[in-house]
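For reference, the structure is listed below as structure tokens.
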Amino acid sequence: MQPVKSDKRVAKHDPAPSRWAYRWHRLWLTPLFRTFVRVGVPFTAALIGGTVYFSDETRRDAVLLAIADLRADIHTRPEFMVQLMAVDGASEGVNEDIRDIVPVDFPISSFDLDLEMIRQDIVGLNAVKEASVRIRNGGVLQIDVVERRPVVLWRHRDGLELVDAEGVSLGLPEESRPDLPLIAGDGADQAVDEALRIVAAARPLASRLRGLVRMGERRWDVVLDRGQRIMLPEQEPVQALERVIVLSAAQDMLARDLVAVDMRLKQRPTIRMNQGALENWWKIREIAVGTD
Amino acid sequence: MIELYESQRAMRNMRKAAMQRGVVAILDVGSSKIACLVLRFDGAEPASGEVGSLAGQAGFRVIGAATTRSRGVRFGEIEAMVETERAIRTAVQAAQKMAQVRVDHVIACFSGAEPRSYGLAGEVDLEGAVVTEQDVSRVLSACDVPDYGHGREVLHAQPVNFALDHRSGLIDPRGQMGLRLATDMHMVTVDAVAVQNLAHCVRRCDLELAGIANSAYVSGVASLVEDEQELGSACIDMGGGSTGLSIFMKKHMIYADAVRLGGDHVTSDISMGLQVPLTTAERIKTFYGGVVATGMDDREMIDLEGDTGDWEHDRRTVSRAELIGIMRPRVEEILEEVRARLDAAGFEHLPSQQIVLTGGGSQIPGLDGLASKILGQQVRLGRPMRVHGLPQAATGPGFASAVGMCLFAAHPQDEWWDFELPVDRYPARSLRRAVKWFKDNW
């Protein structure tokens, strides 16, 4: 008969896991338990440990201070410092304006520079069309600027102003600019590109052209010398002007004594004559009728 | 019969659930070793009625295998529960470790517990013109169950044949026209206590028993090739404590029995005859054993080492012929006992009388020659078929029943309890069923 109690020598020959070892092994093979032990327990332990450690004010401050110190240490390394600012592509006045509105005290760490904000500020200047801001090698804050170019002079109630192709006002002209076409009227700056096209189309009349007037913020009048006007329609003003030019070239129309050529109705171009011319014309008709 | 139906159905459902989860363990509780395999089911079942690759054995893979020396098992029955439980624990733990998967369901097989075979016949008139599944259930429950005795339990009850009117040998009668349906059923009963002991051991290991099989049956499934199963053959599983035999015909087991003699008896004969401890006897048997002595064997001397301290006793030698002289009568006795069982079963009436020897005991050199003298001319040594992922160490004939269990788990044969209980068996429940149906659908 075998002994009821397990014999140590027998156990050596026939090793078997104990009941608890067997259960423990099976428990370890349970996926949920494995996940719990390998993820849940470290996570909970870290959470509890961290909470206990950081529940003390002084420790928290010390850790935050250490982090801040480390940050500052890295930020103020010489390779991250910006020493000076270079502005390219700007005229003298714009250059000064840029240096005024970029309030940076050099040297400064490049981490503290918000390049996009600086760029927005610079683009916010009227005279600047576009700008790119970057930090160049050698710790230079490089600002490349494309300035707006004035294309017309705009005369309004308060005086003369330079306006670029997009209608942005660039302030008073510093010297007289006879090379720029003149536009006038309320809302003329909103239609600068149309005005430019009309001016380009009016090149045959360039010697007589005085300027363009925006009428009622919707259409243009071309003003020539001797007080003559060409009233252009809202739609397709350039074609209307070209028609007038062709008519003028064929019949010498604009050289005659008339006040205005009204092209507002496409089907019915109209001309308005001077009082004297009108009377003369009547006389001539009467003479013609009298001879009859 | 109803309780058995319920318990077997519960086990079948558990097996299905286990296969759904994908992992199930196979436990071969033998007298000399306990083997545990862990199977992973891929769920890649071939379409029904169609033979897939590897004849349908590709649906699973062995991912863990472990063997341990059996303790507490004699004659294929559990004798010392605690020892057996420890052995099962060892095997299961090692297999789990190899598989890196926790298994909860186990299908077990054992060879002992005096299996007895019964042939059952049943006959019913069909209700309609066509055989329905309900008719199959009715004919199965119409089988007159013999009085198999108190304290026995049905292990297998497989319909092996259906006959419709005068046409016999039908595999699947459903959908066929006829008037009378008859069936032949093969039933195996075993000692209920042995099954309960095994179930208790398995439960003590925190496992669920999802099926039980007779090891002679599963060894036959593993080591008989298809035409042998079809034409008629016997599989003799020579285990440590008992020798199981199963007869197959038309791919169904038609007879199962066990002889309570096995390799352990050979070992104890050697131990007694040569005055050596059992472990030494086992070692000598496996290294030098045989059943046919030749002149060479007289000159081959075997050292019988011992550690008694007596120089004369520890330095004895014995010739291999002497060893064979001890082993041969016992092996002959086993085979003659098997012969008697085969005769009792009427094996000589089968069209083909192929005999396949498998199990660890079949590795004795020269056994096939001896067996052909006793059992008949058509004897071969069988090895279990190869299954996916089985380690090389577990491909020997000793693992025939373990491999057979894999096939049994993957492709179980229809058993009686796989069919629905016929409707007339539970008229009282029909109202409850109707209520349940309403509940399920609304």
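Just so you know, all these numbers are worked out from the coordinates, no wet-lab data involved. As the structure is a computational prediction, the values presented were derived from the model and not from experiment. Please note: Cβ atoms are built from the backbone with ideal geometry, for glycine as well, and neighbour counts cover all protein chains shown.
At full extension, A:Arg226 and A:Leu196 could sit 8.6 nm farther apart than now, given 0.36 nm per residue minus the alpha carbon distance.
Rounded to the nearest 0.05, what FRET efficiency do A:Asp186 and A:Asn280 give with R0 = 45 Å and r taken as the Cβ-Cβ distance? Could you check?
Between A:Asp186 and A:Asn280 the formula returns 0.75.
This model, with +1 at the C-beta of Lys and Arg and -1 at the C-beta of Asp and Glu, gives segment B:223-293 a dipole about its Cα centre of some 220 debye.
Does anything in segment A:61-80 have its amide N under 14 Å from the 7 Å Cα→Cβ label point of A:Tyr53, and if so which residues? Inside the label zone: A:61-67. Taking the charge dipole of chain B about its Cα centre, with +1 at Lys and Arg Cβ atoms and -1 at Asp and Glu Cβ atoms, the residue from B:His411, B:Pro277, B:Met14 reaching farthest to the positive side is B:Met14. Length gained on full extension, A:Arg38 to A:Asp100, computed as 0.36 nm times the residue gap minus the Cα-Cα distance: 16.4 nm. With the simple model of a label 7 Å out from the Cα in the direction of the Cβ, B:Lys251 to A:Arg208 spans 11.1 nm.
Here's the picture: a label point sits 7 Å out from the Cα of A:Arg136 along the beta-carbon direction, and within segment A:73-117 the residues with their amide nitrogen under 13 Å of it are A:83-90.
Efficiency by 1/(1 + (r/R0)^6): what FRET value for B:Ile374 and B:His200, r their Cβ-Cβ distance, R0 = 51 Å, to the nearest 0.05? So the FRET efficiency works out to roughly 0.85. Its Cα centre serving as origin, segment B:263-328 has a Cβ charge dipole (Lys and Arg +1, Asp and Glu -1) of approximately 240 debye.
With neighbour counts taken as other beta-carbon atoms within 10 Å, the residues B:Asp147, B:Asp298, B:Asp257, A:Asp164 rank, fewest first, as B:Asp147, B:Asp298, A:Asp164, B:Asp257.
Measuring max minus min along each principal axis, the C-alpha atoms of chain B give extents of 86, 48, 45 Å (largest first). Using the average count of surrounding beta-carbon atoms within 10 Å as a protection proxy, the listed peptides B:107-118, B:149-160, B:302-313 rank, highest first, as B:107-118, B:149-160, B:302-313.
DSSP assigns beta bridges within segment A:78-147; of those with both partners inside it, close to 65 percent run antiparallel.
Cβ crowding within 10 Å ranks A:Arg285, A:Arg148 as A:Arg285, A:Arg148, fewest other Cβ atoms first. Label-to-label distance for A:His75 and B:Asn13 is 7.0 nm, based on points extended 7 Å past Cα in the beta-carbon direction.
Under 14 Å from a label point 7 Å along Cα→Cβ of B:Glu114: give me every residue in segment B:77-93 with its amide N that close. Within reach of a label on B:Glu114: B:77. Of all DSSP-defined beta bridges confined to segment A:22-172, some 75% are antiparallel rather than parallel.
Counting DSSP beta bridges in chain A, what percent are antiparallel, to the nearest 5? The answer is about 70 percent antiparallel.
Ranked by how many other Cβ atoms sit within 10 Å of their own Cβ, fewest first, the residues B:His252, B:His186 fall in the order B:His252, B:His186.
Per-residue ellipticity at 222 nm, computed for chain B from helices alone with -39500 (n - 2.57) per DSSP H run of at least four residues, works out to -12000 deg cm²/dmol. Size descriptors for the protein assembly as shown: radius of gyration and Dmax over Cα atoms are 53.0, 176 Å.
Kirkwood Rh over alpha-carbon pairs of segment B:162-259, then Stokes-Einstein at 4 °C and 1.567 mPa s: what D in µm² s⁻¹, rounded to an integer? After rounding, the answer is 82 µm²/s.
Placing one identical point scatterer on every Cα of segment A:160-240 and ignoring solvent, what is log10 I(q)/I(0) from the Debye formula at q = 0.24, 0.26 Å⁻¹? Each listed q corresponds, in turn, to -1.27, -1.44.
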